[in-house]
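Student: Dropping a structure here in structure tokens format, bear with me for questions.
The values are calculated or read from the model by the stated rules, or taken from the named source; none is laboratory data. Not measured: the values here are computed from a predicted model. Counting neighbours? That spans all protein chains shown, and the Cβs are built from the backbone with ideal geometry, glycine included. For the accessible areas, the whole protein counts, side chains as well, though only heavy atoms, and no ligand, DNA or RNA atoms are used. Shrake-Rupley method; radii C 1.70, N 1.55, O 1.52, S 1.80 Å.
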Number of protein chains: 2
Amino acid sequence: MRWWGWGDPAHRGGLPAGALRFLQQTIELDRQIKGPVQIERVSLPQAALGDRLADSLRAILGSEFVREDHLSRLLHAAGKGYPDLVRMRAGEPQQAPDAVLYPQTHTQLEAVLSHCAEQNVAVVPFGGGTSVVGGLTPVRQAHAAVVSLDLSALSQVLGIDRRSALVRVQGGLKVRALERKLAAEGLTLGHFPQSYEYVSVGGCAATRSAGQASTGYGRFEDMVRGLCLATPNQSVSLPASPASAAGPSVRELIVGSEGTLGVISELTLRVRQAPSAWTYEGVMFEDLDAGMQALCELAQRRCAPAVSRLSDQAETRVALALSSGGPLKRIVGETYLRLRGYRSGCLAIFGFPHDTSDHRRKRREAHRLISRRGGRWLGRAAGQAWAASRFSAPYLRDDLLAHGVMVDTLETATTWSALSALHRDVSRAISDALRAQGTPGLVMCHVSHLYETGASLYFTFLAPAKRSAPLAQWLEVKRAASEAIVNGQATITHHHGVGSDHMPWLEHELSARGLAALWALKRELDPAGIMNPGKLYPTIGASAG
Amino acid sequence: MRWWGWGDPAHRGGLPAGALRFLQQTIELDRQIKGPVQIERVSLPQAALGDRLADSLRAILGSEFVREDHLSRLLHAAGKGYPDLVRMRAGEPQQAPDAVLYPQTHTQLEAVLSHCAEQNVAVVPFGGGTSVVGGLTPVRQAHAAVVSLDLSALSQVLGIDRRSALVRVQGGLKVRALERKLAAEGLTLGHFPQSYEYVSVGGCAATRSAGQASTGYGRFEDMVRGLCLATPNQSVSLPASPASAAGPSVRELIVGSEGTLGVISELTLRVRQAPSAWTYEGVMFEDLDAGMQALCELAQRRCAPAVSRLSDQAETRVALALSSGGPLKRIVGETYLRLRGYRSGCLAIFGFPHDTSDHRRKRREAHRLISRRGGRWLGRAAGQAWAASRFSAPYLRDDLLAHGVMVDTLETATTWSALSALHRDVSRAISDALRAQGTPGLVMCHVSHLYETGASLYFTFLAPAKRSAPLAQWLEVKRAASEAIVNGQATITHHHGVGSDHMPWLEHELSARGLAALWALKRELDPAGIMNPGKLYPTIGASAG
């Protein structure tokens, strides 16, 4: 992974010419492309591990698995949120771990956590390194040191139980690697977040990840049946029960705990028969409300395509513009809209897995319902265009940053009846905040991740980055959006997690006593407070919401 | 509800002649029917509320809503488990509340809980009164008094959001009353536990209830979106989000808390379009493994009927015998089995709601799959026979008790690959324990509540009750079954809850640190320990498992 941005260092960057033209017409771009600083010029805080502590950790892990070199520390200094990238590109990471530890076994993992608790060393679990909410910042607080705990070596597939549709894996296993192993068995997990190329199963569980096909395959927590959490004081081990009435769900306490209670070292996950293929199709709705009505009916009749997403007019316009002579533009374009009598339109993408003998019938059923709600079928090329670029947005973000553009995404979820108003209010809050900063920009959104009772809204905003204070600018926008979300009684995060970015609004969502319950849990399982400090739990009563 | 048993006092009891004959041939029955003692002869422990406390509670609730009379106390002295019924019929309840409180508003509810915490009064929340795991026993421990908190007045439907398929209700509302109100709107909750005629929505949430149609409609916790928990110190209030990644799930902490953290005073529940009708059908499988294979495939292809249950050979024999000339017997009978070349068979019941335009096609799809697995269709009469008596087992239990029969049920769940061995091991453990007591009996089971990764096993056992020590006899059987369950790595309860009966095995399931997490939660939300003491949380390290 690039230390200053997303993805494979071999990836060829650069905005397509058409996209560049569109952006130049829309928001102010820097004429000069500005890359990250040279890696040698990145200054990290002095490492504070000390010889004694380093020696004791080497005694547990072996010396090659305790790394204090510049590159290891740099690569574990941050996640991939906008503030992370701004800081890294400037060569000024907020923090860096004093060392990076690589446990090779569960026993080592338990020993390391226990030792760190004794030695008052803060531990930041590191799976795929893709947090976009500040979940990976190595916060030292009053601890003697802070280490990053890289779980990449704990990546075994421990067993497949085909009859029960379960796979048992270690927490550090990458989702893509698991998906490949399952494919060889004719199985799939069906979890495809935008960060698919990097995320680990433990990280997905710890953050309640939801993939692009979650409408069909469920959220990651729906796949988690059993698990093991290594804490600073023994492990919590839960068998893979299909269901249980044995009290409050300890599993649901560990899922979503973002490394603050311990490390999810083992998971038993539900799998399914792999589809023989996928069909992706595009649909144009006249407006957002018509599209939302169709999605709502698909979800409530329980025949929604596994991938179901609907762009608002702004996102549709941008998708067409960025496609720039590509298939989407050719198929849809403005001519198409005019021919259909639409002044504008809302593009939806649907993905159907061929995973049962009647997948064609299911697709026809969805087609009928969508057509009844005024959706016009654009065919497969539009769907394939989306599918081909489904993991590319984070690369695009790096290109935009190089052009001096602030770009970020945020997501929420609410009920169907509140969705339209929330879309309006959050869009407006972001637009207003951008204008108030003197940097008007683009705000767009899609509805995705359908449930019977509601859906997610996923916002993207772009604006010229303020050179003087890009993070203050970003924070104002983030705050405006978050306030609009909690004022709308919606959740502060649908699948990015809380990290540090969403902490100020958690109390509003959980109420003071709900938050107190989580604090009690934290004190019990991590009494020394070493696990991923500075994340998830705000001080009670200090809420921004 | 009858104070000594189940259901409507007007219900005509008595075993049908055929059932009586079958039982007489199978297990030893008392010749004399023995009813419960006269209500006047039931001796309750002296009420210990005291004038000062009673006055202060009357000041909060109004005097008519603080009841200390014999009948009110008697009706809230126990749930409906076998030990409860044995004690009540003998006129010797283990405990009784010192008073029964009836809050009329959420404000009163909060005030009562806060006052009881100040005054060190234990509070047992009382919804439908149907716990079969000792969840309602008024345990005083070291508290100044113990009161039953009857929630029947908190029974409003607060609002229906049709677009979002949500209904907001107060926790004391009965599920049957809600279902009737929803029916008038063309909606359904789809939650039909055997205790359907009495249970409250708050009770179903607090115990993680699963209804007979849970394969189609989900468990009760799957229906819960938002909720409010009144605790002794303020309320925890959670909005009705379709999904969220905002940390560990506080909702899933409250669901399943069995009144030990507070009172679930409000719920927002997912509803669905009501089916226009249901089709119930019977199927005969040659043996349990063939039936399990079919159920597993139905679940994993996500086309399982909403009601799906498969009796083992013992339960099938009993069902046929008890039907006694009824439709089931006529249709299936031994002649049928012999004609089919089966020495015995396993009866399955499937229920299909007519809730989408393609319900017929879905039924045909299930038919095809079941037929491929050797299932022989018995038609609708067999299904209707089950549906007609779906809520009658608790009445039958009273008749059996009158005949001197010990009868109880217990349930667990495990993965598909472990289901057959668990069925064998638990059946054997119960049979062996009954024989060891000198009271050999009948042990039977059905598979129900299907999930992609496994299913529930629901056991029923009957044996002559030991007159001298019926509860010691029962406890030995319960212990043997529970040990077989936890040794099989299965859950100690699939939908009855923990109460006091399953407490000794909870640590085995959650591990010591998982249990410690629940204790931390309890101490935080109920620091005075007044909420339903003696339930759910065993002392750590004292596990029986």
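Student: Going by the structure shown, is A:Leu475 within 20 Å of the chain's Cα centre (by Cα), open to solvent by 40 Å² or more (accessible area, probe 1.4 Å) and modelled with pLDDT of 95 or more?
Tutor: Judged against the criteria, A:Leu475 is a match.
Student: Any residue in the stretch B:441-453 that's touching a residue at least 24 places away in the same chain (Cβ under 8 Å): show its pairings with residues that are of a type in the set (D, E, K, R) and part of a strand (DSSP E or B) at Cβ separation under 8 Å, as long as the two are six or more apart or on different chains.
Tutor: If the second residue must be of a type in the set (D, E, K, R) and part of a strand (DSSP E or B), the pairs left are B:His446/B:Arg309; B:Val447/B:Arg309; B:Ser448/B:Arg309; B:Glu452/A:Arg270; B:Glu452/A:Arg272; B:Thr453/A:Arg225; B:Thr453/A:Arg270.
Student: Inspect the stretch A:437-446 for any residue being open to solvent by 20 Å² or more (accessible area, probe 1.4 Å), within 14 Å of chain B (Cβ to nearest Cβ), closer than 24 Å to A:Gly81 by Cα and not hydroxyl-bearing (Ser, Thr, Tyr) and give the result as yes or no.
Tutor: no
Student: Hey, another quick one. Looking only at the stretch A:17-67, filter to residues that are under 29 Å from the mean Cα position of the chain (by Cα) and among the hydroxyl-bearing types (Ser, Thr, Tyr); which one of those is nearest to A:Trp6 (Cα to Cα)?
Tutor: A:Ser43
Student: Only one residue in B:Ala230, B:Ala245, B:Ala306 is among the aliphatic types (A, V, I, L, M), buried (at least 24 other Cβ atoms within 10 Å of the Cβ) and touching a helix residue (DSSP H, G or I) at 6+ places or on another chain (Cβ under 6 Å), so which one is that?
Tutor: B:Ala230
Student: Oh, and also: In the stretch A:266-300, how many are open to solvent by 10 Å² or more (accessible area, probe 1.4 Å), over 18 Å from A:Ser448 (Cβ atoms) and within 14 Å of chain B (Cβ to nearest Cβ)?
Tutor: Final tally of qualifying residues: 7.
Student: Test A:Arg2 against the criterion of being in contact (Cβ under 8 Å) with a residue 12 or more places away in the chain, surrounded by fewer than 20 Cβ atoms within 10 Å (Cβ to Cβ) and of a type in the set (D, E, K, R), and give yes or no.
Tutor: Yes.
Student: While we're looking at this one, here's another question. Tell me, which residue of the stretch A:523-538 that is among the charged types (D, E, K, R) and open to solvent by 20 Å² or more (accessible area, probe 1.4 Å) is farthest from A:Gly499 (Cα to Cα)?
Tutor: Checked the stretch A:523-538; the qualifying residue farthest from A:Gly499 (Cα to Cα) is A:Glu524.
Student: Inspect all residues belonging to the stretch A:353-376 and state whether any of them is touching an Asp or Glu at 6+ places or on another chain (Cβ under 6 Å), modelled with pLDDT of 90 or more and not in a helix (DSSP H, G or I).
Tutor: yes
Student: Could you list, in sequence order, all residues of the stretch A:497-530 that are touching a residue at least 24 places away in the same chain (Cβ under 8 Å) and touching a strand residue (DSSP E or B) at 6+ places or on another chain (Cβ under 6 Å)?
Tutor: Hit for the stretch A:497-530 is A:Ile530, nothing else.
Student: I'd like the full set of residues that are open to solvent by less than 30 Å² (accessible area, probe 1.4 Å) and hydroxyl-bearing (Ser, Thr, Tyr), limited to the stretch A:497-521.
Tutor: Answer for the stretch A:497-521, where residues must be open to solvent by less than 30 Å² (accessible area, probe 1.4 Å) and hydroxyl-bearing (Ser, Thr, Tyr): just A:Ser511.
Student: Among (1) open to solvent by 10 Å² or more (accessible area, probe 1.4 Å); (2) in contact with a Ser or Thr (Cβ under 9 Å, 6 or more places away or on another chain); (3) modelled with pLDDT under 95, there is one condition A:Thr409 misses while meeting the rest; what is its number?
Tutor: For A:Thr409, the failing item is (3).
Student: Would you please name the residue that is modelled with the lowest pLDDT, looking only at residues in the stretch A:15-28 that are in a loop (DSSP other than H, G, I, E, B) and open to solvent by 50 Å² or more (accessible area, probe 1.4 Å)?
Tutor: Restricting to residues being in a loop (DSSP other than H, G, I, E, B) and open to solvent by 50 Å² or more (accessible area, probe 1.4 Å), the top hit is A:Pro16.
Student: Please verify whether the stretch A:412-420 includes one or more residues that are buried (at least 21 other Cβ atoms within 10 Å of the Cβ), more than 12 Å from chain B (Cβ to nearest Cβ) and closer than 25 Å to B:Gly226 by Cα.
Tutor: No: the stretch A:412-420 contains no residue that is buried (at least 21 other Cβ atoms within 10 Å of the Cβ), more than 12 Å from chain B (Cβ to nearest Cβ) and closer than 25 Å to B:Gly226 by Cα.
Student: Let me confirm something: among B:Ile485, B:Ile540, which residue is under 25 Å from B:Gln313 (Cβ atoms) and within 12 Å of chain A (Cβ to nearest Cβ)?
Tutor: Just a single option satisfies the conditions, and that option is B:Ile485.
Student: Just checking, how many residues over the stretch A:507-536 are more than 7 Å from chain B (Cβ to nearest Cβ), acidic (Asp, Glu) and in a helix (DSSP H, G or I)?
Tutor: 1
Student: Also, I was wondering about something else. Looking for something buried (at least 21 other Cβ atoms within 10 Å of the Cβ), among the aromatic types (Phe, Trp, Tyr) and in a strand (DSSP E or B) - is there at least one such residue anywhere in the stretch A:181-192?
Tutor: Checked the stretch A:181-192: no residue is buried (at least 21 other Cβ atoms within 10 Å of the Cβ), among the aromatic types (Phe, Trp, Tyr) and in a strand (DSSP E or B).
Student: Go over the candidates B:Thr260, B:Thr188, B:Thr207, B:Thr231 one by one and state the one that is more than 10 Å from every other protein chain (Cβ to nearest Cβ) and of a type in the set (Ser, Thr, Tyr).
Tutor: B:Thr188
Student: Condition check: open to solvent by less than 10 Å² (accessible area, probe 1.4 Å) and either touching a Gly at 6+ places or on another chain (Cβ under 6 Å) or within 23 Å of B:Leu422 (Cβ to Cβ) (or both). Does B:Ile485 satisfy that?
Tutor: yes
Student: Test B:Leu166 against the stated conditions and say whether it is open to solvent by less than 30 Å² (accessible area, probe 1.4 Å) and either under 23 Å from the mean Cα position of the chain (by Cα) or more than 9 Å from chain A (Cβ to nearest Cβ) (or both).
Tutor: Answer is no for this residue.
Student: For the list (1) open to solvent by 20 Å² or more (accessible area, probe 1.4 Å); (2) facing another protein chain (nearest Cβ under 7 Å); (3) under 21 Å from the mean Cα position of the chain (by Cα), I need the number of the one condition that A:His494 fails.
Tutor: So the condition that A:His494 fails would be (1).
Student: Out of all the residues in the stretch B:424-436, which are crowded, with 22+ Cβ neighbours inside 10 Å and either charged (D, E, K, R) or in contact with a strand residue (DSSP E or B) (Cβ under 7 Å, 6 or more places away or on another chain) (or both)?
Tutor: Passing the criteria: B:Val426, B:Ile430, B:Leu434.
Student: Among the numbered criteria (1) touching a residue at least 40 places away in the same chain (Cβ under 8 Å); (2) open to solvent by less than 80 Å² (accessible area, probe 1.4 Å), which one does A:Glu68 miss?
Tutor: (1)
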